[in-house]
Structure formats: structure tokens, C-alpha cells
Amino acid sequence: MRRLLIAGNWKMNLTAAESQALAGALRKDLDRDAARLGRDRDVMVAPPAVNIPAVARELYGSSIGLGAQNMHFEDRGAFTGEVSAPMLKEFGVVYVILGHSERRHIFGERDEFINRKVLTALRHGMTPILCVGETGSEHDRGETSTVVLRQLQRGLDQVPEGELARVAIAYEPVWAIGTGRNATPGEAGIVHGAIREALRDRSGAVADQVRILYGGSVTADNVDSLVGHPDIDGVLVGGASLKAESFARIARTGIA
Ligand code: PEP
């Protein structure tokens, strides 16, 4: 059985004080249920990098894990504006979202670049969440699986079979991100199945341990049906992770 992963991506929202307040409210709510939630799922949030110290203080000792939205693949050097794995780890960051569609399409990140970050995250014992997903026009042209499987294969280049289970994949159709139009569980399930098959072809049985999340307009209202699909192992949540009440509800998916 794969553990669910419920991930909140706060993007470039919230000041340090606001981030701390949100983390505090989430902790108050979810830590009450920590034993029950901890049985079958991991919950994490990824604040803006500059707010990580404040959130790390707030979440110290909590059941809620800490993630970053991005990082560089080098440990140090002349890379103005970037943060590295050792810097993040010092604050207890365990997860790192890599290749988010906003990084790919707004900041021009390429698969090769993202792949180096995945390898760096693994080298540092972090859990990379590798995002893949087709744009609306690729979707309309019927290119979803070609695009997604290409991003998957390139993003995982040189990841040893023994390390693959530590990677989480997030299928995030670009047309569903921040649009209020989520993929249905059936639509996402088909892509998740194709991802799983590709992982099996690449690495055999270890593929069954890899968590494949869905992301794109997940809300407290649609999460149950999405996560109820056997091929969907969790969610990556943007907008609905910015309110403690909605993210806590999402984190409790499937629990009465
Ligand atoms: C995201 O940030 O990865 C995302 C899926 O955003 P939203 O939930 O707002 O669509």
C-alpha cells in the first residue's frame, strides 16, 4: 500500500507573518488527528523560500512536513537568486517540488535542468516531487501521454532503481492549474495508469511504490472523488492550500 501524499503549494503568496499564521492554524487542526492521519498519509506544505524559517519554527515537532517550491541543483556558487538543498535542509525541508508548470512555462526550465535537480534532491536525502503535465493545446491535440511520458523519462534520467521509490510524481495538467477546471478522476486515472506503466517498463516492480499525485484545481469538494481513484496517491494543491480550513479538509480526505 502506498501512503497518500497531500501537498500544499503556497506559490508566491503570504508574507512571513501570514505564512506562520497559516502554518500555526493547520498545525492546531491537523495535529489533533496526527495518529490517525499518520497511519496512511503524509501532509506537507511548501511556503515561499523566504518564509521557510518562520514556518519551520511554527511546525517544529508537528506532523506536517515542510517542503520547498524549487531549488538549484548545485550546493553553492554564483547563482544569484537561487537556494540550494543544504540551505533548505538546515530548516528541516524534506520535500521539494521540481518542474512545476509555472517553472517550466514562465521561467523556461527544461527537462534536463529539472532532472539535475531531481538527482540533487535524492543525493541530499530529500523527497523530490517531479511535476509533469500537458498544456491545454497539447491536450486538445491528443498529445497528453507523449508530453507527460517524455517529461517523466527525462526528469528521471539516471535515477537508480533503488532510489525511484523516494520520488513522487505529480501529474498536473496545465489547463487545470488555477483555472477551477479539474481533470475528472477518470481522466487523471488514465494518465496516472500510463505513468505507472512507463515506470514499470523502466524499473520493474519498484514502480508500484512510487506515489503519483494529481494537481490542478483540487478543492475540499472534489478531493474525495480524486483520491478515491485507485491510481491517484494524493494531491498537490495550490489555491485551496492557502486557507487552513480547506487544506485541513483536503488532508483528511477519506476519513469520516
Ligand atoms: C499547483 O500549484 O500546483 C496547483 C495545482 O494549483 P491549483 O490547485 O490552484 O490549481
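The values are calculated or read from the model by the stated rules, or taken from the named source; none is laboratory data. Worth saying up front: this structure is predicted, and the values here are computed from it rather than measured. Virtual Cβ from ideal backbone geometry, glycine too; neighbours counted across all protein chains shown. We work out accessible area using only protein heavy atoms, side chains counted, and drop any ligands, DNA or RNA first. Shrake-Rupley method; radii C 1.70, N 1.55, O 1.52, S 1.80 Å.
All conditions but one from (1) more than 16 Å from the ligand (Cβ to nearest atom); (2) open to solvent by less than 40 Å² (accessible area, probe 1.4 Å); (3) assigned to a helix (DSSP H, G or I) apply to Asp201; the one that does not is (2). Screening the stretch 36-62 for residues that are open to solvent by 30 Å² or more (accessible area, probe 1.4 Å) and closer than 16 Å to Ile6 by Cβ and picking the one that is nearest to the chain's Cα centre (by Cα) gives Asp42. Total residues in the stretch 204-250 satisfying the condition of being out of contact with any Leu (no Cβ under 6 Å at 6 or more places or on another chain), within 15 Å of the ligand (Cβ to nearest atom) and under 30 Å from Lys28 (Cβ atoms): the figure is 21. Any residue at all in the stretch 46-63 that's free of Cβ contacts under 8 Å to residues at least 24 places away in the same chain, among the aliphatic types (A, V, I, L, M) and away from the ligand (no atom under 15 Å from the Cβ)? Checked the stretch 46-63: no residue is free of Cβ contacts under 8 Å to residues at least 24 places away in the same chain, among the aliphatic types (A, V, I, L, M) and away from the ligand (no atom under 15 Å from the Cβ).
All conditions in (1) open to solvent by 10 Å² or more (accessible area, probe 1.4 Å); (2) more than 15 Å from the ligand (Cβ to nearest atom); (3) part of a loop (DSSP other than H, G, I, E, B) hold for Leu119, with the sole exception of (3). Candidates are the residues of the stretch 122-137 that are open to solvent by 30 Å² or more (accessible area, probe 1.4 Å) and part of a helix (DSSP H, G or I); the one that is farthest from Trp175 (Cα to Cα) is Arg123. Read through the list (1) touching a Ser or Thr at 6+ places or on another chain (Cβ under 8 Å); (2) among the polar types (S, T, N, Q); (3) more than 16 Å from the ligand (Cβ to nearest atom), then give the number of the only condition that Ser145 fails. The failed condition is (1). Taken together, Leu88, Leu149, Leu66 contain a single residue that is part of a helix (DSSP H, G or I) and more than 21 Å from His192 (Cα to Cα), which is Leu88.
Every residue in the stretch 155-189 that is surrounded by 15 or more Cβ atoms within 10 Å (Cβ to Cβ) and either more than 16 Å from the ligand (Cβ to nearest atom) or free of Cβ contacts under 8 Å to residues at least 40 places away in the same chain (or both), please. Of everything in the stretch 155-189, those that are surrounded by 15 or more Cβ atoms within 10 Å (Cβ to Cβ) and either more than 16 Å from the ligand (Cβ to nearest atom) or free of Cβ contacts under 8 Å to residues at least 40 places away in the same chain (or both) turn out to be Leu156, Val159, Glu163, Leu164, Ala165, Arg166, Val167, Ala183, Glu187, Gly189.
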